[in-house]
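Structure record follows, encoded as structure tokens.
The values are calculated or read from the model by the stated rules, or taken from the named source; none is laboratory data. In this text, all values refer to a predicted model and were calculated from it rather than measured experimentally. Glycine also receives a Cβ, built like all others from the backbone with ideal geometry; neighbour counts cover every protein chain displayed. What goes into the accessible areas is simple: the full protein's heavy atoms, side chains included, and nothing from ligands, DNA or RNA. Shrake-Rupley method; radii C 1.70, N 1.55, O 1.52, S 1.80 Å.
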Amino acid sequence: MIPNTNYGNLKDSYLFYNIAQKTKAYIEKNPGKRLLRLGIGDVSQPLCPAVVEALKKGVEEQAKIETFHGYMPECGAPFLREAIAAHYEKRCIELDADEVFVSSGASDELGDILDLFGHGKTVLIPEPAYPAYVDANIMAGNTIVHLPSGRDNGFLPEPPENGGIDVIYICSPNNPTGAVFNREKLKKWVDYANKTQAVILFDAAYEAFIEEEDIPHSIYEIEGAKTCAIEICSLSKTAGFTGTRCGYTVVPKALMRGSMNLNSMWVRNRTTKTNGISYILQRGAAAVFTDEGQKQIHETLSIYKKNAKTLMSALNEAGLWFTGGKNAPYIWAQCPDNMDSWTFFDKLLNEIQVVATPGEGFGECGKKYIRFTTFGNPADTEEASRRIKELLK
Ligand code: PLP
């Protein structure tokens, strides 16, 4: 038996491993020194009270015979699918509840959704990019077309001239660059996909961080998107669900390729490959979409936004060029003095005990950049900002 040989084409995932090794070695050599971690994309603030209450209530319901739930519907509980559809309606996007699929998170979906396309497809990945896009497609045996972006286009690349692309990943607000597509720029991608019959996988994991009015939170704010795009979203960063796990995916009924309807295909996929998400978690997730839940999650997000302001002002004073921070929890800064990203990483670690993420880990075109996250605790972010200013002045 020969297993999936595509796994042999995966590059060692050395980015986070290397960061962990380097920080471990530093701590061993410098016992007692505390690191200020602005590297990892995990959140630091807990679930909001409305979610916690709903989770507890869900547990209590599962403890009584009268309110106990066994298997949940594979595509999601109607109450949650409806709550999410109603949330979209606030942005004037009309969705039927059965166009919304409840998931255990965006990572799972970004890989699983490739089932819809079969193997051997051509997939366009604008870079720098979230590393899972590349690896999931290598495992699936797809051909990857890397579309590099840079400072010249604000890390917001335009569609290519040619067709021949089956699937396109777009992440806005972007991880790692924090860049966001405005309506005009996103419309170009929607028009391209409709014209060439490609399908866009729109990763909206960071939509809740958008502050500016004219930046779309959802690709369905763009005319024509329902015939070319699947949207994948997550409560991980929006509502602190990284360790709790819940997300959602929108597959519009209007999305057809050939004679096949992708919504029906995804229903068939989910009903075959999952037994749904736990009732308790779905109750917790539904609380995010209540007025109280929305108010509370935005209070938490404002902590991260304050971190972003602190860091941005330090980078401005230090004279570093950067994108992100405004509508996104990531800040993507150009390394000083033409340094490469690992050299700057080492400098930050060894001289001021700040841990960031080297841009090279997100693709070749990230080599001269570094990513800071704003998910850390505020006191550490303030101290790190002060040290960065001091180091680079
Ligand atoms: N998409 C992007 C761009 C991300 O940065 C992340 C997590 O960092 C995810 C998806 C995964 O989110 P989840 O926790 O829902 O799996």
| Against the longest alpha carbon principal axis of the chain, how many degrees, from 0 to 90 and to the nearest 10, is the axis of helix 279-288 turned? | 60
| message | I'd like the accessible area for residue 364, computed on protein heavy atoms only with a 1.4 Å probe and all protein chains in place. Round to 10 Å², please. | response | 130
| Karplus 3J(HN,Hα) series, Hz, for region 172-188 with 6.51 cos²θ - 1.76 cosθ + 1.60 (x for Gly, Pro) | 8, x, 8, 10, x, 7, x, 6, 10, 7, 8, 4, 4, 5, 6, 4, 4
| task | Measure nothing but the geometry: give the 0 to 90° angle between the long axis through the Cα atoms of 78-89 and the longest principal axis through the Cα atoms of the chain, rounded to 10°. | result | 60
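Per residue, how many Å² of accessible area does region 49-289 show with a 1.4 Å probe?
Using a 1.4 Å probe on heavy atoms only, each residue of region 49-289 averages 41 Å².
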| field | Cα centroid of region 21-65 to Cα centroid of region 333-393, whole Å | value | 22
| Anisotropy class of region 1-58 from Cα gyration tensor, a/c 1.5 cut | oblate
| said: Sort 295-305, 369-379 by the packing proxy (mean of other Cβ within 10 Å over each peptide's residues), most packed first. | reply: 369-379, 295-305
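With the cut-off at 1.5 for a/c, could you classify region 328-393 from its C-alpha gyration tensor as rounded, prolate or oblate?
The shape class here is oblate.
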| query | Using alpha carbons only, how many degrees (0 to 90, rounded to 10) separate the axis of helix 14-29 from the longest principal axis of the chain? | reply | 40
| said: Counting only protein heavy atoms and a 1.4 Å probe, tell me what percentage of the chain's accessible area is made up of carbon and sulfur. | reply: 52
| field | MRE, 222 nm, helices only [DSSP H, n ≥ 4, -39500 (n - 2.57), over the chain, to nearest 500] | value | -12500 deg cm²/dmol
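What ratio of Cα Rg to 2.2 N^0.38 Å holds for region 49-289?
Against the compact-globule rule of thumb, the ratio is 1.01.
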| said: Let me spell out the model: positive unit charges on the Cβ of Lys and Arg, negative unit charges on the Cβ of Asp and Glu, origin at the Cα centre of region 49-289. What dipole size does that give, in debye rounded to 20? | reply: 440
